[in-house]
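One structure is given below, encoded as structure tokens.
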Amino acid sequence: MSHRVGVVRFPGTNCEFDTIDAIRTLGGDAEVLWHADPSLKKVDAVVIPGGFAHGDYLRCGAIARFSPVMESVAAFALNGGPVLGICNGFQVLTEAGLLPGALQKNVGMKFLCSMQQIEFVSTENILGKGSTVGDCINIPINHFEGNFVCPPEALAELETQGQIVFRYTDNPNGSTRDIAGICNKDGNVVGMMPHPERATSALLGSTDGTALIQSFLTA
Amino acid sequence: MHFEVRIEVSPRDGIANPEGSTIERALPALGFEMTGNVRVGKVIRLQVEADSVDAAQSLVEDMCNRFLTNPVIEDALVEVLET
């Protein structure tokens, strides 16, 4: 597999090395893309990993969307390039307007850190290759702002266009319609709150993230 | 001209507000059973140079739309005070 993945690092990102390690373990190559450098270094795919980009000040992802790398990520995404936002990366993608909706504080105001079962709702996207609609997988979550909200019109569009990628089988955070991950209309931009990179080894409690990352590496 | 600005950021109607709901559930424990519909937002204060109140208002509204608020889930009420 010759896929080269760029993993964006903002000040405050903290999941870039877990993500790189998971990608390399699964046969891909990965390198860090510094947020202040607009160059994507000719990578084949981009991950915006988890963490607290720019300290999450103002709102999660609000400042990150203005980092120089994001203009290049947006152009790459609009050109069909595979872009995966995990956790804080999902928040950044919504703030950047690359995905609809927003992520607000969890119902109950608790930081959640647990293994969560999610169900594939659509496989017509960069994470779906090799999976089937209805597949249930266990992937950990680790967030305070994972409660997906969306205006009704945009939500209806997500439902009808097959843009809901994952739903929680037991909603942990109050997310609208149990949504755990969504994609854009073309399926090349996916945002999800659960962390597939933390579910790539039996030692970590689950290997269910492997199929998602393998699909991403061949997208 | 120099203006002081107060921006009240509030959750949009129809958007659930977990902070407000949590506070609402806590208030009866202190004997305040009579409260309801608690909504939590934030206030941003800033100073701005502009030619008029209208110009200041329009500048700050632009800031709100592009950065200070997320229009998907938040509304902003901008108050410009001349100083």
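The values are calculated or read from the model by the stated rules, or taken from the named source; none is laboratory data. These figures come from a predicted structure and were not determined experimentally. All Cβ positions, glycine included, derive from the backbone under ideal geometry; neighbour counts span all protein chains shown.
Being in contact with a Gly (Cβ under 6 Å, 6 or more places away or on another chain) and not aliphatic (A, V, I, L, M) is the filter here, so list the residues in region A:198-214 that pass it.
A:Thr200
Can you say whether A:Gly181 is within 14 Å of another protein chain (Cβ to nearest Cβ), of a type in the set (Gly, Ala, Ser) and not in a helix (DSSP H, G or I), as far as the supplied structure shows?
No: the conditions fail for A:Gly181.
Is there any pair with a first residue in region A:143-162 that is of a type in the set (Val, Ile, Thr) and a second that is modelled with pLDDT of 95 or more and not in a loop (DSSP other than H, G, I, E, B) whose Cβ atoms are under 8 Å apart and which are 6 or more apart or on different chains, and what are they?
Listed pairs, sorted by first residue: A:Val149/A:Ala102; A:Val149/A:Leu103; A:Val149/A:Gln104; A:Val149/A:Thr176.
Please tell me if A:Ser175 is among the small types (Gly, Ala, Ser) and within 14 Å of chain B (Cβ to nearest Cβ).
yes
Is at least one residue of region A:123-146 of a type in the set (Gly, Ala, Ser), within 14 Å of chain B (Cβ to nearest Cβ), crowded, with 21+ Cβ neighbours inside 10 Å and in contact with a helix residue (DSSP H, G or I) (Cβ under 7 Å, 6 or more places away or on another chain)?
Within region A:123-146, not a single residue is of a type in the set (Gly, Ala, Ser), within 14 Å of chain B (Cβ to nearest Cβ), crowded, with 21+ Cβ neighbours inside 10 Å and in contact with a helix residue (DSSP H, G or I) (Cβ under 7 Å, 6 or more places away or on another chain).
Could you tell me whether B:Ser10 is loosely packed, with under 15 Cβ neighbours inside 10 Å and at pLDDT 95 or above?
It is false that B:Ser10 is loosely packed, with under 15 Cβ neighbours inside 10 Å and at pLDDT 95 or above.
Within region A:168-178, can you find the residues that are over 19 Å from A:Glu153 (Cα atoms) and not in a loop (DSSP other than H, G, I, E, B)?
A:Tyr168
Look through region A:193-206, keep the residues that are part of a loop (DSSP other than H, G, I, E, B) and buried (at least 16 other Cβ atoms within 10 Å of the Cβ), and return whichever of them is nearest to the other protein chains (Cβ to nearest Cβ).
Looking at the filtered set, the residue picked out is A:Met193.
Conditions: (1) within 14 Å of chain A (Cβ to nearest Cβ); (2) buried (at least 17 other Cβ atoms within 10 Å of the Cβ). B:Val40 meets all but one. Number of the miss?
(2)
Just wondering, is there one or more residues in region B:54-67 that are modelled with pLDDT of 95 or more and within 9 Å of chain A (Cβ to nearest Cβ)?
Yes, region B:54-67 has at least one match.
Matching residues to (1) over 11 Å from the mean Cα position of the chain (by Cα); (2) at pLDDT below 95:
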| site | (1), (2) |
| --- | --- |
| A:Asp178 | yes, no |
| A:Gly181 | no, no |
| A:Asn184 | yes, no |
| A:Gly191 | no, no |
| A:Pro196 | no, no |
| A:Ala199 | yes, no |
| A:Gly205 | yes, yes |
| A:Asp208 | yes, no |
| A:Ala211 | yes, no |
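Which residue, of A:Cys60, A:Cys87, A:Cys15, is within 14 Å of another protein chain (Cβ to nearest Cβ) and in contact (Cβ under 8 Å) with a residue 60 or more places away in the chain?
Result: A:Cys60 is the single residue among A:Cys60, A:Cys87, A:Cys15 that is within 14 Å of another protein chain (Cβ to nearest Cβ) and in contact (Cβ under 8 Å) with a residue 60 or more places away in the chain.
Among (1) at negative phi; (2) within 15 Å of the chain's Cα centre (by Cα); (3) buried (at least 23 other Cβ atoms within 10 Å of the Cβ), which single condition is A:Phe52 missing?
(3)
Quick grid of which residues meet (1) part of a loop (DSSP other than H, G, I, E, B); (2) touching a helix residue (DSSP H, G or I) at 6+ places or on another chain (Cβ under 6 Å); (3) crowded, with 16+ Cβ neighbours inside 10 Å:
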position	(1), (2), (3)
A:Glu157	no, no, no
A:Val165	no, no, yes
A:Lys185	yes, no, no
A:Gly191	no, yes, yes
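May I ask you to verify whether A:Gly81 is closer than 18 Å to A:Thr218 by Cα and at pLDDT 95 or above?
Considered against the rule, which asks whether it is closer than 18 Å to A:Thr218 by Cα and at pLDDT 95 or above, A:Gly81 comes out as yes.
Being touching a helix residue (DSSP H, G or I) at 6+ places or on another chain (Cβ under 8 Å) and within 10 Å of B:Met1 (Cα to Cα) is the filter here, so list the residues in region B:46-66 that pass it.
Listed by number, the residues that qualify are B:Val48, B:Ala50.
Can you find a residue that is more than 20 Å from A:Asn173 (Cβ to Cβ), at pLDDT 95 or above and surrounded by 15 or more Cβ atoms within 10 Å (Cβ to Cβ) anywhere in region B:19-26?
no
State yes or no: is A:Leu99 in contact with a His (Cβ under 8 Å, 6 or more places away or on another chain), within 13 Å of another protein chain (Cβ to nearest Cβ) and either under 20 Å from A:Gly51 (Cβ atoms) or modelled with pLDDT of 95 or more (or both)?
No, not satisfied.
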